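The values are calculated or read from the model by the stated rules, or taken from the named source; none is laboratory data. Computed from a prediction, not measured in an experiment: that's the story for all the values here. A quick note on method: Cβ atoms are made from the backbone with ideal geometry, for glycine too, and the neighbour counts reach across all protein chains shown.
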Amino acid sequence: MSASLSSGTAEPGPEAGAGAEGPRTGAGPDGPEAGAGPDLLAALLDGMDAALCAFDADGVVTHWNREATRILGWSAADAIGRRGFAGWAVRSADADEVQGRLMGAMHGGGRQVHEFALVRKDGSRVLVRTQSAAVTGADGKPAGVYSAFGEVHAQIDLERAIALSEVLFEDASWGVVLVDVDLRPTVVNVHAARALGGGRTTLLGRPLGETVVQGVDELEGALQHVLAEGTPPAPVDLWVTLRTAEGERRRCWRSGFLRLASPLTEEPVPLGVGWLFQDVTEAKTAEQDAARLRFRGNQLHRAARAAAECEDPMEAAAAYLDFGLAGFADHAIVDVLAGDRLVRVTATPAGEPGPCLQENAEAGIPVRYGEGHPALQALERTGAVRASAGAREDSEGWATDRQWPADAVHALCTVLRSRGRTLGTVTFLRGTSRPAFERPDATYAESIAVRVAASVDLAQAVREGGGRGTGA
């Protein structure tokens with residue numbers, strides 16, 4: 001290394017003396033590449049991201065690169081040739097200690113790390129962290145010291161970033177997945193691997209569709225949007241169905257997305273997307289259940305008010321069904337016992353969803369329900385019965401055989417009970433656009449059935465009483 005390097009070095013000052021010139025690099029002065037070594041070395045030093053300075057064996061500054069100038073404000077011309085930092089780049093009270101630490105690397109062996117405050121050219125102070133090591137001459141003896149330094153806060157920021165990434169990919173309590181521009185996972189942390197039902201390495205490079213059965217289009221659409229438009233302002237809840245060894249699982253993940261770009265290029269180059277997610281299935285399900293209960297409670301309240309204005313009790317029964325169907329089912333059917341037979345008295349239109357209509361119950365023609373029909377099972381059990389067409393190809397035939405509208409694929413039958421008597425059944429039907437009935441749906445259906453049964457019982461009492469009310 002020569003003190004007279006261009007671009008980041010300058011001729012030594014008056015204090016440099018003969019010892020200011022450190023060990024040279026490159027070919028000898030008589031070789032064809034004479035001078036190329038110092039020029040190349042100067043360019044390398046100035047291109048470094050870290051600040052670098054060098055001292056000869058007497059502690060005279062021999063090299064000073066552009067990053068050192070950027071941090072402290074002192075140019076190479078200001079620095080090179082000075083003996084140590086005393087009187088310019090460090091306070092006088094600290095000069096001996098700083099010089100001793102720096103030059104101690106020449107005989108201490110190995111790389112030494114220190115932190116101390118330096119003085120900028122504008123008089124302000126900055127805390128730096130230095131890594132110093134000895135420079136040996138051609139004879140193998142210590143010839144000086146080189147020291148790379150940077151602002152402590154920048155070093156700490158880098159260490160924090162590294163520590164954060166390590167924690168995220170090992171101990172984080174939420175999933176972290178990095179995907180490349182082809183939307184394939186490149187890094188998966190422990191939590192994400194567990195949530196996706198695979199190992200950290202087995203998921204790498206594989207399409208997300210191999211693990212996510214349903215919801216993969218929404219997930220990949222979100223990733224593509226982030227690549228094109230940048231980080232979204234808020235997280236999003238994504239419902240997905242996962243393929244696992246135990247079967248399919250439906251989960252809700254609250255997901256945040258970050259577009260990743262290379263910090264080493266002048267123009268931002270997308271490296272992929274960071275996807276962070278947390279399983280909120282239980283909270284989301286509870287939220288949906290609470291909203292559903294509120295809606296259904298309001299519907300029953302509205303139905304009660306509408307039914308109270310109906311003069312005909314069977315119209316009141318139809319009002320309960322109409323309000324109960326909203327958001328719950330596509331069709332409803334009421335069958336009333338006439339002796340030991342079921343007679344259909346109220347039903348929605350068979351062709352499409354609509355208001356419940358009274359049918360010709362006076363004719364007393366029973367519906368042709370075969371053995372094992374869900375309505376007959378409900379009568380036997382005095383409770384609710386659920387049924388679905390399942391994976392059968394002929395779902396239309398499944399519904400038609402049971403005397404239901406052809407578009408029905410899910411059924412829920414429950415009994416009509418009033419004054420300790422079974423009056424008949426009510427059946428709710430769903431089409432292919434709705435999921436199968438679940439246990440909470442049976443509870444709601446029974447709540448509707450209680451009100452319908454009271455209206456049917458009143459209609460029968462009025463009819464038996466010759467049209468007179470039962471009151472005093």
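Listed values, structure above:
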item	result
Whichever residue in the stretch 57-105 is of a type in the set (Ser, Thr, Tyr) and in a helix (DSSP H, G or I) and, among such residues, is surrounded by the fewest Cβ atoms within 10 Å (Cβ to Cβ)	92
Residue selected from the stretch 194-228 under the condition assigned to a helix (DSSP H, G or I) and β-branched (Val, Ile, Thr), by the criterion nearest to residue 239 (Cα to Cα)	216
Residue 397, sole failed condition from (1) among the small types (Gly, Ala, Ser); (2) at pLDDT below 90; (3) assigned to a strand (DSSP E or B)	(3)
The one condition in (1) buried (at least 16 other Cβ atoms within 10 Å of the Cβ); (2) free of Cβ contacts under 8 Å to residues at least 24 places away in the same chain that residue 175 fails to fulfil	(2)
Of all residues making up the stretch 176-187, the number that are closer than 20 Å to residue 236 by Cβ and not in a loop (DSSP other than H, G, I, E, B)	5
The stretch 153-172, residues that are in contact (Cβ under 8 Å) with a residue 12 or more places away in the chain and closer than 16 Å to residue 275 by Cβ	168, 169, 172
Flag if residue 131 is surrounded by 12 or more Cβ atoms within 10 Å (Cβ to Cβ), assigned to a helix (DSSP H, G or I), among the polar types (S, T, N, Q) and assigned by TED's automatic domain parsing to the domain that holds residue 66	no
Test set (1) in contact with a helix residue (DSSP H, G or I) (Cβ under 7 Å, 6 or more places away or on another chain); (2) at pLDDT 95 or above - residue 356 fails condition number	(2)
Odd one out for residue 260, checked against (1) touching a Leu at 6+ places or on another chain (Cβ under 6 Å); (2) modelled with pLDDT of 90 or more; (3) of a type in the set (A, V, I, L, M)	(2)
Residues of the stretch 106-124 classified as surrounded by 12 or more Cβ atoms within 10 Å (Cβ to Cβ), closer than 18 Å to residue 67 by Cα and without any contact (Cβ under 8 Å) to a residue 24 or more places away in the chain, total	0
So residue 181, is it in contact with a Gly (Cβ under 6 Å, 6 or more places away or on another chain), over 14 Å from residue 276 (Cβ atoms) and hydrophobic (A, V, I, L, M, F, W, C)	yes
Residue among 220, 210, 229 that is charged (D, E, K, R) and modelled with pLDDT of 90 or more	220
Selection status of residue 173, part of a strand (DSSP E or B), among the polar types (S, T, N, Q) and over 24 Å from residue 261 (Cα atoms)	no
Residue 310, sole failed condition from (1) under 24 Å from the mean Cα position of the chain (by Cα); (2) outside any helix (DSSP H, G or I); (3) surrounded by 13 or more Cβ atoms within 10 Å (Cβ to Cβ)	(1)
Test: residue in the stretch 90-109 that is in contact with a Lys or Arg (Cβ under 6 Å, 6 or more places away or on another chain), modelled with pLDDT under 90 and farther than 17 Å from residue 57 by Cα	no
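Residue by residue, here is whether (1) surrounded by 12 or more Cβ atoms within 10 Å (Cβ to Cβ); (2) among the acidic types (Asp, Glu); (3) under 17 Å from the mean Cα position of the chain (by Cα) holds:
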| residue | (1), (2), (3) |
| --- | --- |
| 143 | yes, no, no |
| 146 | yes, no, no |
| 152 | yes, no, no |
| 155 | yes, no, no |
| 168 | yes, no, yes |
| 171 | no, yes, yes |
| 183 | yes, no, yes |
| 189 | yes, no, yes |
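Residues checked against (1) acidic (Asp, Glu); (2) modelled with pLDDT of 90 or more:
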position: 281; (1), (2): no, yes
position: 309; (1), (2): yes, yes
position: 346; (1), (2): no, no
position: 366; (1), (2): no, no
position: 374; (1), (2): no, yes
